Amino acid sequence: VAHELDLAFLLGPISSPQARNQALSAFPLGFFASPALAFPPAPVSLAAIARFPIITFARRTAPYIALVERMAAEEVTGARIHASTALAPALRLAIEGLGVAMVPRAIVREKVASGALVEIAADVQVPDLVFTASWMAAPDAPLIEAIAALAVQAADGG
């Protein structure tokens, strides 16, 4: 927003009137916990999940904000949300049974396959994790847009 970067690859779009955002890829999020926490296979409410600390993305990110808004809508009180700028510690805490990680399904496949984590059958949906190429409207925008288009092509696997 301060025009210090020409192009940024970010978690979610910039919400500024001068900002241009191009979606790169999206990853569905889920709630994951140690099997020791013994969540039932039936749909689990957000209030039941929130009995444990929830470890997720940093504050001011779309996933964190969506979780907080969802808790407010469902009147979940007393929840402890721990923001993490790195996913590895969030996963470690979940594996150790110290909380529930709200992270992309794609990054926990191996942990779920090995039995270290289980996905909670949550009855709540949270928006996908969306990465964007973002830039500010400027005279050199056509060049930046061309680079962003290459990033979109790369994200699509082409």
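The values are calculated or read from the model by the stated rules, or taken from the named source; none is laboratory data. Source: prediction; values computed, not measured. Please note: Cβ atoms are built from the backbone with ideal geometry, for glycine as well, and neighbour counts cover all protein chains shown. When the accessible area is computed, the model is the full protein with side chains, heavy atoms only, and any ligands, DNA or RNA have been set aside. Shrake-Rupley method; radii C 1.70, N 1.55, O 1.52, S 1.80 Å.
Hey, among 97, 78, which residue is modelled with pLDDT of 95 or more, in a loop (DSSP other than H, G, I, E, B), surrounded by fewer than 19 Cβ atoms within 10 Å (Cβ to Cβ) and of a type in the set (Gly, Ala, Ser)? Quick ask: steps written out before the conclusion?
Numbers: 78 fails: modelled with pLDDT of 95 or more.
Only one candidate passes the filter, namely 97.
Can residue 67 be described as within 21 Å of residue 108 (Cα to Cα), in a strand (DSSP E or B) and open to solvent by less than 70 Å² (accessible area, probe 1.4 Å)? Taking the combined requirement at face value, the residue does not satisfy it.
Go through region 9-56 and give me each residue that's under 30 Å from residue 153 (Cα atoms), part of a loop (DSSP other than H, G, I, E, B), open to solvent by less than 70 Å² (accessible area, probe 1.4 Å) and not polar (S, T, N, Q). Those that are under 30 Å from residue 153 (Cα atoms), part of a loop (DSSP other than H, G, I, E, B), open to solvent by less than 70 Å² (accessible area, probe 1.4 Å) and not polar (S, T, N, Q): 12, 14, 28.
Here residue 110 passes the criteria (1) at pLDDT 95 or above; (2) open to solvent by less than 80 Å² (accessible area, probe 1.4 Å); (3) over 13 Å from the mean Cα position of the chain (by Cα) except the one numbered (2).
Among the residues of region 56-107, those identified as among the charged types (D, E, K, R) and farther than 26 Å from residue 13 by Cβ are 75, 80, 92, 96.
In region 126-138 there is at least one residue matching the filter, namely being touching a residue at least 24 places away in the same chain (Cβ under 8 Å), surrounded by fewer than 17 Cβ atoms within 10 Å (Cβ to Cβ) and farther than 13 Å from residue 30 by Cα.
A single member of 121, 90 is surrounded by fewer than 17 Cβ atoms within 10 Å (Cβ to Cβ) and among the hydrophobic types (A, V, I, L, M, F, W, C), and it is 121.
Within the bounds of region 107-115, is there any residue that is among the β-branched types (Val, Ile, Thr), in contact with a helix residue (DSSP H, G or I) (Cβ under 6 Å, 6 or more places away or on another chain) and assigned to a loop (DSSP other than H, G, I, E, B)? The answer is no, given that none of the residues of region 107-115 is among the β-branched types (Val, Ile, Thr), in contact with a helix residue (DSSP H, G or I) (Cβ under 6 Å, 6 or more places away or on another chain) and assigned to a loop (DSSP other than H, G, I, E, B).
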